[in-house]
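Asker: Structure below; questions to follow.
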């Protein structure tokens with residue numbers, strides 16, 4: 001598709017129907033607040049985490065921070081003066097600032113999101129431990145898993161038969177896996193995957209775990225600026241930035257899945273208060289459900305952000321009239 005002489009990238013219908021990543025994270029954060037679930041781990045594990053109990057409000061806080069990352073600004077001329085005398089140097093610094101800022105923005109959001117994901121892992125770990133001692137459970141077969149991320153994957157597999165996958169889940173995971181391949185080949189790095197079967201419900205979650213390890217352990221490469229380097233192409237740069245974006249997108253979908261199969265329903269006092277509202281309570285309780293949790297990444301009229309809230313009010317006033 002073209003607009004004048006400018007090419008406009010095509011988007012498939014599935015991707016075009018998504019909310020922005022920021023709104024996706026915000027809505028998931030609000031749902032986690034509404035759930036207000038707490039898990040009580042065994043005493044020994046609770047002691048190791050300074051007595052904290054995994055809870056959905058903790059997940060919500062990190063998701064909220066991740067949703068509010070707008071732009072990381074880089075000052076590439078802070079300790080240099082040549083730009084005052086040489087315009088090409090100034091052009092280089094501006095280009096580097098934009099390049100590094102784009103990478104820093106996505107890395108920052110990803111790191112904040114990973115903290116939310118870690119809290120979700122801890123939340124589900126209690127369920128895995130219970131499944132492991134249940135001889136009828138798939139999770140009870142073989143050695144007990146040690147890491148919280150692997151345990152979360154086992155919880156998903158346990159409920160795979162009754163799992164209602166979010167709309168376009170398979171499509172988004174497939175695209176994410178493709179970007180993972182470009183990341184590995186383009187930067188000559190290796191994602192040490194444990195789950196190789198793309199039919200495994202936890203396939204995408206394992207890729208996120210690998211990427212998180214690259215970032216946490218300092219093996220994620222700092223990309224050279226393709227405008228001034230022969231070592232990097234614009235295609236690879238864009239693919240890596242999108243890989244970070246889609247890690248957050250797909251990771252949020254996995255949190256939606258985990259909470260859909262492993263939560264105790266909406267227990268927040270605010271949820272009860274909104275449900276009992278004489279004007280909009282019925283509308284709210286009919287829409288803020290587990291079905292919404294599984295579909296909140298899609299563009300729609302209902303939402304827990306204030307813009308959507310005011311649309312509820314207009315809807316209520318219209319009905320009243």
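The values are calculated or read from the model by the stated rules, or taken from the named source; none is laboratory data. Since we're looking at a predicted model, the values are computed, not measured. Positions of Cβ are generated from backbone atoms using ideal geometry, with glycine treated the same way; all protein chains shown enter the neighbour counts.
Asker: The conditions are (1) closer than 15 Å to residue 222 by Cβ; (2) assigned to a helix (DSSP H, G or I), and residue 76 fails exactly one of them. Which is it?
Answerer: (2)
Asker: Looking at the range 147-183, which of the residues that are over 16 Å from the mean Cα position of the chain (by Cα) and under 22 Å from residue 222 (Cα atoms) is surrounded by the most Cβ atoms within 10 Å (Cβ to Cβ)?
Answerer: 183
Asker: Something else now. Which one of these is in contact with a strand residue (DSSP E or B) (Cβ under 8 Å, 6 or more places away or on another chain) and either under 27 Å from residue 17 (Cβ atoms) or assigned to a helix (DSSP H, G or I) (or both): 152, 167, 130?
Answerer: 167
Asker: Output the residue which, of all residues in the range 37-72 that are in a loop (DSSP other than H, G, I, E, B), modelled with pLDDT of 85 or more and out of contact with any helix residue (DSSP H, G or I) (no Cβ under 6 Å at 6 or more places or on another chain), is surrounded by the fewest Cβ atoms within 10 Å (Cβ to Cβ).
Answerer: My answer is 70.
Asker: Of the residues 260, 239, 199, which single one is more than 23 Å from residue 37 (Cα to Cα) and within 19 Å of the chain's Cα centre (by Cα)?
Answerer: That would be 239, the only listed residue that is more than 23 Å from residue 37 (Cα to Cα) and within 19 Å of the chain's Cα centre (by Cα).
Asker: Is it fair to say residue 191 is touching a helix residue (DSSP H, G or I) at 6+ places or on another chain (Cβ under 6 Å) and either at pLDDT 95 or above or closer than 30 Å to residue 226 by Cα (or both)?
Answerer: Criteria met by residue 191.
Asker: For the range 218-237, which residues satisfy the criterion of being assigned to a helix (DSSP H, G or I) and in contact with a helix residue (DSSP H, G or I) (Cβ under 7 Å, 6 or more places away or on another chain)?
Answerer: If the condition is that a residue be assigned to a helix (DSSP H, G or I) and in contact with a helix residue (DSSP H, G or I) (Cβ under 7 Å, 6 or more places away or on another chain), then 236 is the only one that fits.
Asker: Would a scan of the range 266-284 turn up a residue that is within 27 Å of residue 172 (Cβ to Cβ) and surrounded by 13 or more Cβ atoms within 10 Å (Cβ to Cβ)?
Answerer: Yes, the range 266-284 contains at least one residue that is within 27 Å of residue 172 (Cβ to Cβ) and surrounded by 13 or more Cβ atoms within 10 Å (Cβ to Cβ).
Asker: Continuing with the same structure: Quick one: would you say residue 250 is touching a helix residue (DSSP H, G or I) at 6+ places or on another chain (Cβ under 7 Å), assigned to a loop (DSSP other than H, G, I, E, B) and crowded, with 16+ Cβ neighbours inside 10 Å?
Answerer: No: the conditions fail for residue 250.
Asker: Can I ask one more? Among the numbered criteria (1) outside any helix (DSSP H, G or I); (2) surrounded by 16 or more Cβ atoms within 10 Å (Cβ to Cβ), which one does residue 186 miss?
Answerer: (1)
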